[in-house]
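Student: To start, I am sharing the structure in question, which I have written as structure tokens.
The values are calculated or read from the model by the stated rules, or taken from the named source; none is laboratory data. Source: prediction; values computed, not measured. Methodologically, a virtual Cβ is constructed for each residue, glycine included, from the backbone with ideal geometry; neighbour enumeration extends over all protein chains shown. Side chains included, ligands, DNA and RNA excluded: accessible areas come from the protein's heavy atoms. Shrake-Rupley method; radii C 1.70, N 1.55, O 1.52, S 1.80 Å.
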Amino acid sequence: MHTVFPVEAGNFTKAGNVSSDVKRMLKQLGVPHKTVKRIVVALFEAEVNVIAHSWGGQVEITVDPKQVLVRVVDTGPGIPDLDLAMTEGFSTASEEVREMGYGAGMGLPNIRNNADELKIETGANSHTDIHMTFYIDEE
Amino acid sequence: MSTYHHSLAIRERLCHGCTHCMKKCPTAAIRIEKGRAQVDSAKCINCGQCMQACANNAIGVEQSPFEMLFSFKQRVAIVPAVFFSQFEEEITNKQICMALYDIGFTHLYFAEFGIDILDVLGVTEPEDVPKPVISNYCPAVKHLIHTRYPGLVQHLSRLRAPSQLTAILARAEVDLLSGSPEDTGVFLITPCPAKIAELKTEESDGIITGLFDGVLNLDTVYNMVRNSLTKNRRRFAAALEDTILPPMTARACKWSLIAGEKPTDTLRRLAIDEIHQVIDFLEYIEEEDDLTIDFLELKSCAEGCVGGILCTRNKFLAKERLTHLVTQFPETLDDATRARILAHADLLRENVYEQEPETDESIKLDEDLEVAIHKMEKARRIVAALPGIDCGLCGAPTCAELARDIAQSSASIRQCAVLRLKDPKELNTLARIWGEKISTES
């Protein structure tokens with residue numbers, strides 16, 4: 001099953017809405033709570049990244065009985081140094097974004113810690129494309 | 001897990017199938033079928049919102065027959081403080097007590113006295129319950145969390161309900177006095193259909209079972225007390241001096257009010273009332289790990305138990321009287337009352353915690369993930385064809401719920417009144433694609 005959720009750049013008032021919709025969907029499907037939690041934590045970080053850094057993007061969820069694929073794709077500045085971005089505490093977020101309580105530099109590390117597989121593809125001043133795979137946990 | 005009991009019943013003769021209850025139900029548990037409301041007991045949390053919404057008095061709460069009382073020699077009433085708030089000011093608390101004795105009770109205890117029992121015993125929340133601890137005082141909220149928020153179940157308080165602790169003590173004391181346990185009947189008076197359902201659901205450790213010999217609806221007892229008060233006005237006025245209120249502290253007395261719960265070991269507390277607001281909040285916090293709140297008090301009824309489904313008086317006036325009642329109780333128990341609790345400390349201590357919580361999820365489309373995915377895809381395609389105005393004429397509360405029902409084969413798209421008016425032929429085609437209702441009655 002494939003579902004697409006658009007994410008608007010710069011609109012922090014909507015931060016978490018996609019994660020909540022995805023959570024509700026996965027709960028109805030009966031995906032175990034442990035898996036849902038990992039997905040929602042990772043997705044929330046990615047969702048906020050799209051809002052804070054990109055020019056707009058979308059979340060794509062594909063569910064099958066073995067795994068949940070989460071793709072978060074945006075057009076935007078891209079991630080210049082991926083290794084650095086994966087470091088806990090490193091952030092390029094603007095002062096404005098930090099004042100809103102975001103931009104602590106835990107986004108990508110949190111995604112890595114929660115996803116079973118992670119692939120990031122990014123191009124300077126063009127796009128960021130994050131593929132996360134979550135295996136369904138045993139209940 | 002044993003099947004959860006269901007305390008609300010539709011009186012088919014009185015139901016007009018008007019959809020009011022269906023629209024109000026916070027868990028989308030009601031459908032209108034053949035012009036009558038039907039409740040899905042797996043989804044129902046017994047909050048009683050449907051009962052309040054019904055203009056035809058077509059929803060009732062089951063209760064024990066009052067005559068049951070008289071098969072016991074010792075008849076104990078466990079009364080919530082809310083009961084006293086139902087009367088206007090000229091009827092005194094002592095008169096209410098006298099009327100309760102007059103209608104047949106031999107012993108009175110406040111339900112909230114259980115709070116004081118925990119306090120005297122020095123019992124607090126087990127360390128392994130993570131913060132924020134969610135109060136389990138409201139049985140509708142407790143059941144809601146068990147069925148819909150598996151991630152929050154471990155946050156639920158594990159302290160036994162105050163009324164149950166009171167019942168344990170009451171039974172022990174009365175048995176000791178009378179010397180014949182089989183003659184003691186303990187009855188809970190409650191404004192709460194969810195409480196009734198909880199007490200009638202057999203807990204696997206069997207503690208609740210047998211704790212109460214019957215549960216009485218607050219409105220029924222209210223009527224009887226009213227009657228007694230009218231008949232005995234003069235007699236009650238003369239003998240008032242001899243009547244004393246059962247003991248309780250001010251802290252316990254306010255427990256059923258909003259923001260009334262004050263566990264001893266918590267600093268930051270948040271209280272939310274009204275079930276739809278509670279659900280909105282739970283949706284929000286379910287995945288939230290960094291809440292700086294120690295204790296969450298969630299109550300299904302607006303204004304807490306004074307807004308209870310079976311309460312009779314305006315909830316704001318009731319709240320005012322209950323708030324005033326609080327001032328008439330002491331901050332701490334006197335030594336004699338403490339000694340009464342301590343005399344049964346071992347028995348009480350054995351029962352201060354509820355067993356580990358279990359979940360019983362009601363929102364899954366199917367137990368098999370592959371089938372659930374298939375059903376959800378189907379429901380999505382169906383909802384795209386529905387008008388999206390949530391009129392309720394089909395018998396489901398929203399178009400999305402109807403789509404879900406069709407995907408589960410428990411409804412047919414033929415039920416959609418809007419599509420039927422628009423294009424009856426197309427509706428036949430759609431019904432062929434998506435299937436008809438498969439009757440589950442056998």
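Student: What are the residues whose amide H is under 5 Å from the amide H of B:Glu33, where those residues sit 5 or more places off or on another chain and H is modelled from the backbone?
Tutor: B:Gln38
Student: Continuing with the same structure: Could you sort out which of A:Lys23/B:Lys200; A:Lys23/B:Lys142; B:Lys24/B:Lys231; A:Lys27/B:Lys195; B:Lys24/B:Lys142 sit more than 31 Å apart by Cα distance in this structure?
Tutor: From the list (A:Lys23/B:Lys200; A:Lys23/B:Lys142; B:Lys24/B:Lys231; A:Lys27/B:Lys195; B:Lys24/B:Lys142), the Cα-Cα distance tops 31 Å for A:Lys23/B:Lys200; B:Lys24/B:Lys231.
Student: Sticking with this structure for a sec: Can you tell me the Rg and the Dmax, both Å, for the Cα atoms in region B:76-167?
Tutor: 16.8, 48
Student: Per residue of region B:322-334, in order, report the coupling 6.51 cos²θ - 1.76 cosθ + 1.60 (Karplus, θ = phi - 60°) as ³J(HN,Hα) in whole Hz, putting x for Gly and Pro.
Tutor: Residue by residue, region B:322-334 yields 5, 4, 5, 4, 3, 5, 8, 10, x, 5, 10, 6, 6 Hz.
Student: Which residues of region A:1-47 bury at least 40 Å² of accessible area once all protein chains are present, versus their chain alone (1.4 Å probe)?
Tutor: Relative to the lone chain, where solvent access is computed with a 1.4 Å probe, region A:1-47 loses at least 40 Å² at A:Met1, A:Lys23, A:Lys27, A:Gln28, A:Leu29, A:His33, A:Lys37.
Student: How large is the convex hull of the C-alpha atoms of chain B per residue, in Å³?
Tutor: Per residue, the Cα convex hull of chain B comes to 165 Å³.
Student: Can you work out D for the protein assembly as shown in µm² s⁻¹ from Stokes-Einstein, where Rh is the Kirkwood radius over C-alpha pairs, the temperature is 20 °C and the viscosity is 1.002 mPa s?
Tutor: 80
Student: Using a 1.4 Å probe and ignoring any ligands, DNA or RNA, find the accessible area of B:Glu274 and quote it in Å² to the nearest 10.
Tutor: Accessible surface of B:Glu274 is approximately 40 Å².
Student: Here's something else I'd like to know. Using helices alone, what [θ] at 222 nm do you get for chain B, with -39,500 (n - 2.57) per DSSP H run of 4 or more residues, divided over all residues and rounded to the nearest 500?
Tutor: After summing the helix terms and dividing by the residues of chain B, the value is -11500 deg cm²/dmol.
Student: Sticking with this one: What is the percent of Cα-Cα separations in region A:2-135 that go past 17 Å?
Tutor: In whole percent, the share of Cα-Cα pairs in region A:2-135 beyond 17 Å is 55.
Student: Where is the GNM fluctuation largest for chain B (alpha-carbon springs, 10 angstrom cutoff): B:Asp128, B:Asp346, B:Asp390?
Tutor: B:Asp128
Student: Quick one: of the DSSP bridges fully inside the protein assembly as shown, what percent are antiparallel, nearest 5?
Tutor: Roughly 65 percent of the beta bridges in the protein assembly as shown run antiparallel, per DSSP.
Student: Stokes-Einstein D for region B:233-282 at 20 °C, 1.002 mPa s, Kirkwood Rh over Cα pairs, in µm²/s?
Tutor: Approximately 147 µm²/s, per Stokes-Einstein.
Student: Per residue, what volume in Å³ does the Cα convex hull of region B:58-125 take up?
Tutor: 172
Student: Using only atoms on other chains, find how many Cβ atoms lie within 10 Å of each Cβ of peptide B:362-368 and report the average.
Tutor: 3
Student: Choose one answer from B:Pro424, B:Pro130, B:Pro193: the residue with the largest mean-square fluctuation in a GNM of chain B with alpha-carbon springs under 10 Å.
Tutor: B:Pro424
Student: Same structure again: Below 10 angstrom from the Cβ of A:Leu69, what's the summed charge of the other residues (Lys, Arg +1; Asp, Glu -1)?
Tutor: So the surrounding residues net to -2.
Student: Can I ask one more? Give the whole-number value, in cubic angstrom per residue, of the convex hull volume spanned by the C-alpha atoms of region B:109-256.
Tutor: Measuring per residue, one finds 152 Å³ for the Cα hull of region B:109-256.
Student: Compute the Rg/Rh shape ratio of region B:1-62: radius of gyration over Kirkwood radius, all on alpha-carbon atoms.
Tutor: Result: Rg/Rh = 0.94.
Student: Using θ = phi - 60° and the Karplus form 6.51 cos²θ - 1.76 cosθ + 1.60, what ³J(HN,Hα) does each residue of region B:421-432 get, whole Hz, x for Gly and Pro?
Tutor: Values per residue, Gly and Pro as x: 5, 6, 7, x, 5, 4, 4, 4, 4, 4, 5, 5 Hz.
Student: So which trypsin sites (Lys or Arg not before Pro) in region B:61-170 end up in coil per DSSP with only 16 or fewer other C-beta atoms within 10 Å?
Tutor: B:Lys73
Student: Sticking with this structure for a sec: Mind checking which of B:Met68, B:Met51, B:Met248 has the largest fluctuation in a GNM of chain B, springs on alpha carbons under 10 Å?
Tutor: Among B:Met68, B:Met51, B:Met248, the largest mean-square fluctuation in the Gaussian network model of chain B belongs to B:Met68.
Student: Which cross-chain or sequence-distant (5 or more) residues have an amide H under 5 Å from the amide H of B:Phe110, H modelled 1.01 Å from N in plane?
Tutor: Residues meeting the amide H criterion: B:Val79.
Student: What nm distance separates the two modelled labels at A:Thr87 and B:Leu342, each placed 7 Å from Cα along Cα→Cβ?
Tutor: Inter-label distance under the simple model: 6.3 nm.
Student: Quick one: which residues, 5+ away or cross-chain, put their amide H under 5 Å from the amide H of B:Leu216? H built at 1.01 Å from N.
Tutor: B:Leu188, B:Ile189, B:Thr190
Student: Given B:Lys254/B:Lys299; B:Lys23/B:Lys43; A:Lys119/B:Lys375; A:Lys37/B:Lys131, which pairs have Cα atoms separated by over 19 Å?
Tutor: In this structure, A:Lys119/B:Lys375 lie more than 19 Å apart at Cα.
Student: Given a 1.4 Å probe and every protein chain left where it sits, what share in percent of the accessible area of region A:23-133 is carbon and sulfur?
Tutor: Reported share for carbon and sulfur atoms: 50 percent.
Student: Next up: Using θ = phi - 60° and the Karplus curve 6.51 cos²θ - 1.76 cosθ + 1.60, what whole-Hz ³J(HN,Hα) does each residue of region B:211-219 get, with Gly and Pro shown as x?
Tutor: Using θ = phi - 60°, the values come out as 6, 10, 8, x, 10, 10, 6, 4, 5 Hz.
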